[in-house]
Amino acid sequence: HPGRPWHTPLRASAPEASSAPVPEAEPTDATERVKALMRSATAMLVTDPAVLAPGVRLRTDLTELTGPEEYLRAGRIWGRRSREEFDELRYNVTRVAQTGPGTFVVQWTAYWVPPQMKGLVAFARSWPGVEIQWYDLMDRLDQRSKFSWAAVAKLFWTAATTGIMRLPISAMPGTTMLQFDAEGKIQRQQEDLMLIGAIRGGKVQNRRVAKDTLQFMLEVRRPPGILYEQWDQRLMADVGINQVPGMGQLDIEGMDPGDQNQYIEDISTILAFGVVVVLTFGFVFGYVYLQNLQAKADMMQRLLDSGY
């Protein structure tokens, strides 16, 4: 499937981890078993109750659950939300290392198609001869994304002339520590999401990264039984996602507050974009675009959110 996150190469990035680096170690039978266990997991939680100790404890950045019943329930709910609320969400286990007797550290990254890019992704996949090349934004955490017509023009011009459309994929790097008892059952699982620590530390200035983090936490890590509004308020208070530039209500990153309302109300910018498409790609692409102009008005805001 051309253009899907796990069928196109991702730029290698080295995000700053929130936990200590995992030491280099040769793979062993034990590490391979743990790797297989986590690759078959749902939302990075194991699904086999036989692998869980009676008093298993799960701790994430904002949640702590105790017992197999709570653990498995969270896995079912988070797995269902992953399927229903995300486009093509995939967990990529990159490394497993044993750090002590019965203790393993797993490094992984979740990738998905960002919701604000759905229209653009569908357009690119229907464009004959064009392939999507994904990249993540982990090396741009401290950069404020700003919208520019030059960037939009370059995006489509590069696609038309090279057959490659480079788009930013949503990514959530994480580290999971697993501690097994003498019977080989998980008695403790601790998870740290790199972006949560980075936002708390004031290191994230990129609105797109903050929106990805908010989506992941609201759906995939919202504890069972916690209302959406309650969890959203806790994320704002405990993590400070709303402190990232552009994440305030009605904010448009890269614009002065006095210019934002004028920009939102100025529909001529949307029409101008349609004219650019007509002039650049000819009558056919322009006609299709103008037929869907009402839907594309929403796409403009999504482009603002996408990192361009």
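The values are calculated or read from the model by the stated rules, or taken from the named source; none is laboratory data. These numbers come from a predicted model, not from an experiment. Neighbour counts run over all protein chains shown; Cβ positions are idealised from the backbone, glycine included. Note: areas computed on protein heavy atoms with side chains; ligands, DNA, RNA excluded. Shrake-Rupley method; radii C 1.70, N 1.55, O 1.52, S 1.80 Å.
Residue-wise test of (1) under 30 Å from residue 201 (Cβ atoms); (2) among the aromatic types (Phe, Trp, Tyr); (3) open to solvent by less than 20 Å² (accessible area, probe 1.4 Å); (4) in contact (Cβ under 8 Å) with a residue 40 or more places away in the chain.
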site	(1), (2), (3), (4)
98	yes, no, no, yes
106	yes, no, yes, yes
116	yes, no, no, yes
126	no, no, no, no
145	yes, no, yes, yes
154	no, no, no, no
>> Which of the numbered conditions does residue 91 fail, given that it passes all the others? Conditions: (1) within 14 Å of the chain's Cα centre (by Cα); (2) modelled with pLDDT under 95; (3) open to solvent by 20 Å² or more (accessible area, probe 1.4 Å).
In response: (2)
> Condition test on residue 46, is it in contact with a strand residue (DSSP E or B) (Cβ under 6 Å, 6 or more places away or on another chain), farther than 30 Å from residue 131 by Cβ and modelled with pLDDT of 95 or more?
Replying inline: no
>> Tell me yes or no: at least one residue of the stretch 163-175 is modelled with pLDDT of 95 or more, under 30 Å from residue 51 (Cβ atoms), more than 14 Å from the chain's Cα centre (by Cα) and not charged (D, E, K, R).
In response: yes
> How many residues does the stretch 141-200 contain that are over 17 Å from residue 244 (Cβ atoms), touching an Asp or Glu at 6+ places or on another chain (Cβ under 9 Å) and among the β-branched types (Val, Ile, Thr)?
Replying inline: 4
> If you scan the stretch 39-86, which residues turn out to be on the phi > 0 side of the Ramachandran plot and free of Cβ contacts under 8 Å to residues at least 60 places away in the same chain?
Replying inline: 67
> In the stretch 57-66, is there at least one residue being assigned to a helix (DSSP H, G or I) and either surrounded by 14 or more Cβ atoms within 10 Å (Cβ to Cβ) or in contact with a strand residue (DSSP E or B) (Cβ under 6 Å, 6 or more places away or on another chain) (or both)?
Replying inline: no
> For the stretch 212-237, what are the residues that are in contact with a Pro (Cβ under 8 Å, 6 or more places away or on another chain) and open to solvent by 30 Å² or more (accessible area, probe 1.4 Å)?
Replying inline: 215
> assigned to a loop (DSSP other than H, G, I, E, B), over 24 Å from the mean Cα position of the chain (by Cα) and among the hydrophobic types (A, V, I, L, M, F, W, C), is that true of residue 182?
Replying inline: yes
>> For the list (1) touching a strand residue (DSSP E or B) at 6+ places or on another chain (Cβ under 7 Å); (2) open to solvent by 10 Å² or more (accessible area, probe 1.4 Å); (3) without any contact (Cβ under 8 Å) to a residue 60 or more places away in the chain, I need the number of the one condition that residue 185 fails.
In response: (3)
>> Going residue by residue through the stretch 238-245, is there one that turns out to be open to solvent by 20 Å² or more (accessible area, probe 1.4 Å), part of a helix (DSSP H, G or I), at pLDDT 90 or above and closer than 22 Å to residue 111 by Cα?
In response: no
> Which residue, of 121, 204, is within 16 Å of the chain's Cα centre (by Cα), surrounded by 19 or more Cβ atoms within 10 Å (Cβ to Cβ) and in a loop (DSSP other than H, G, I, E, B)?
Replying inline: 204
>> Just the residues that are within 19 Å of the chain's Cα centre (by Cα) and modelled with pLDDT under 95, please, taken from the stretch 63-76.
In response: none
> Checking residue 162 against (1) in contact with a Lys or Arg (Cβ under 9 Å, 6 or more places away or on another chain); (2) under 22 Å from residue 119 (Cα atoms), which single condition isn't satisfied?
Replying inline: (1)
> Are any residues in the stretch 160-173 open to solvent by less than 20 Å² (accessible area, probe 1.4 Å) and in contact with a helix residue (DSSP H, G or I) (Cβ under 7 Å, 6 or more places away or on another chain), and if so, which ones?
Replying inline: 165, 167, 168, 169, 170, 171, 172, 173
> What's the number of the condition residue 69 fails, among (1) part of a strand (DSSP E or B); (2) open to solvent by 70 Å² or more (accessible area, probe 1.4 Å)?
Replying inline: (1)
